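The values are calculated or read from the model by the stated rules, or taken from the named source; none is laboratory data. This one's a predicted model, so the numbers in the text were calculated from it and none came from an experiment. Using ideal geometry, Cβ is built from the backbone for each residue, glycine included, and neighbour counts are taken over all protein chains shown. Remember, those area values only see protein heavy atoms, side chains included, never the ligands or the DNA or RNA. Shrake-Rupley method; radii C 1.70, N 1.55, O 1.52, S 1.80 Å.
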Amino acid sequence: MKLVTFRRNSGPPRSGVLIDDGAAVIDLALAHRAHWEKDDAPFASVLDIVEAGANGLDIVAEILKRPSVSAVGRMARAEVSLEAPIPRPPQMRDFLCFEKHLVQAFEQARRVRAREAADPEAAMREMEQKGILSIPAVWYERPIFYHPNRLNVIGTETDVVWPRYSQLMDFELEFGCYIGASGRDIAARDARPHIFGYTIFNDFSARDEQTREMPGQLGPGKGKDFDGGNAMGPCLVTADEIKNPYDMTMIARVNGEEWARGNTGEMRWKFEDCIAHVSRGETLHPGEFFGSGTVGGGCGLETMRFLKSGDVVELEVEGIGILRNRVLRND
């Protein structure tokens, strides 16, 4: 099923499920209350459903099996706005799982920084000789990640206002998984059952600021941290609907023009590897989000094509849907 967090008019956020190929939404709490006349179901939020695990999904399935019940909470998709599936994830981690992206992105990142030097060609040679902005050896040893700001999460159809300190705004074509069952010291071979479901992730990036901060070796900093920088959605597709999460086409379009295409099967590090790595000595909790990192070719940096004010970015991942956001300058 495809779970969503939605608002109707100026009302509070509600948990729902998409039906009819995304043409309609069922308000789960409303449908449940109308039939069972009680509010004890875990429908206050999508996070509540995730935390309830199989029991929560069983109740949703029961609603969907009863047309008379689901009809009570049914409304057209056009009547609501979608937020991120879990608007405030308990935790976020974004990994670097695609080698092709790293090879291409680091090469272009060096070019971006070299532009600021008095002698760009000399600056490029120096960075290449010293291994500056190149794939670190540790990437081949373990899945590495940083923590995106979980308070900067937005949903589909929401505008992204890029920060005034940046002149190079970029998108990133990613997908990710939400943790379902909690656990610690999880082996990779046992990790799949801990995945509750999947969504699309656009890790908007201020590239010029990012290339200035990365040499500090503490992460992208203000290259990633700004209001609305983490777009997620349009829905959370439960794991049972995805037959093979490592064989899904990924597409990025800007103003309707295809800019990138890849496949989830290109991941060097799978989510199971990431879960095993992170859970060493650390408990994972329901609703935590793991991003895949950018698929090869899946950002403007790799082709030196950056966004302009008013551009509409669409990220599509097979089996999940389309995440759509417009970017606007804050001048």
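Okay, here's what the table says:
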read-out	value
Every pair of residues 6+ apart whose Cβ atoms lie under 6 Å, when the first sits in segment 14-38 and is assigned to a helix (DSSP H, G or I) while the second is at pLDDT 95 or above	Leu28/Ser15; Leu28/Gly16
Tally, over segment 319-331, of residues that are over 18 Å from Gln210 (Cβ atoms) and open to solvent by less than 10 Å² (accessible area, probe 1.4 Å)	3
Number of positions in segment 255-264 that are open to solvent by less than 40 Å² (accessible area, probe 1.4 Å) and either within 17 Å of Asp203 (Cα to Cα) or small (Gly, Ala, Ser) (or both)	3
Residue match in segment 178-197 (condition: out of contact with any strand residue (DSSP E or B) (no Cβ under 6 Å at 6 or more places or on another chain), assigned to a helix (DSSP H, G or I), free of Cβ contacts under 8 Å to residues at least 40 places away in the same chain and closer than 19 Å to Leu284 by Cβ)	yes
Which numbered condition Phe145 misses (of (1) closer than 25 Å to Val312 by Cα; (2) at pLDDT 95 or above; (3) hydrophobic (A, V, I, L, M, F, W, C))	(1)
Scope segment 31-51; condition among the hydrophobic types (A, V, I, L, M, F, W, C), open to solvent by less than 60 Å² (accessible area, probe 1.4 Å) and at pLDDT below 95; matching residues	Ala31, Ala34, Ala41, Phe43
Strands (runs of 3 or more DSSP E) contained in segment 57-167 and holding at least 2 residues farther than 30 Å from Gly310 by Cβ and open to solvent by less than 80 Å² (accessible area, probe 1.4 Å)	92-95
Qualifying position, being open to solvent by less than 50 Å² (accessible area, probe 1.4 Å) and in contact with a Lys or Arg (Cβ under 8 Å, 6 or more places away or on another chain), among Glu282, Glu316, Glu272, Glu302	Glu272
Selection within segment 211-237 - of a type in the set (S, T, N, Q) and without any contact (Cβ under 8 Å) to a residue 24 or more places away in the chain	Gln217
Segment 209-254: number of residues that are open to solvent by 10 Å² or more (accessible area, probe 1.4 Å) and either in contact with a Leu (Cβ under 6 Å, 6 or more places away or on another chain) or among the acidic types (Asp, Glu) (or both)	8
Which listed residue, of Ala191, Ala206, is of a type in the set (Gly, Ala, Ser), touching a helix residue (DSSP H, G or I) at 6+ places or on another chain (Cβ under 7 Å) and closer than 19 Å to Asp273 by Cβ	Ala191
Sole exception among (1) within 23 Å of the chain's Cα centre (by Cα); (2) of a type in the set (A, V, I, L, M); (3) over 29 Å from Leu323 (Cα atoms) for Ile200, by number	(3)
Count of residues meeting criterion [at pLDDT 95 or above and either assigned to a helix (DSSP H, G or I) or of a type outside the set (D, E, K, R) (or both)] in segment 307-331	15
Filter result for Asp311 (of a type in the set (Asp, Glu), free of Cβ contacts under 8 Å to residues at least 60 places away in the same chain and open to solvent by less than 30 Å² (accessible area, probe 1.4 Å))	yes
Residue, nearest to Asn255 (Cα to Cα), within segment 130-177, restricted to residues that are touching a strand residue (DSSP E or B) at 6+ places or on another chain (Cβ under 9 Å) and of a type in the set (Gly, Ala, Ser)	Gly155
Count of residues meeting criterion [within 30 Å of Asp185 (Cβ to Cβ), of a type in the set (Phe, Trp, Tyr) and either touching a helix residue (DSSP H, G or I) at 6+ places or on another chain (Cβ under 7 Å) or part of a strand (DSSP E or B) (or both)] in segment 246-281	1
Filtered residues of segment 74-107 (kept if closer than 30 Å to Leu284 by Cβ and of a type in the set (S, T, N, Q))	Gln91
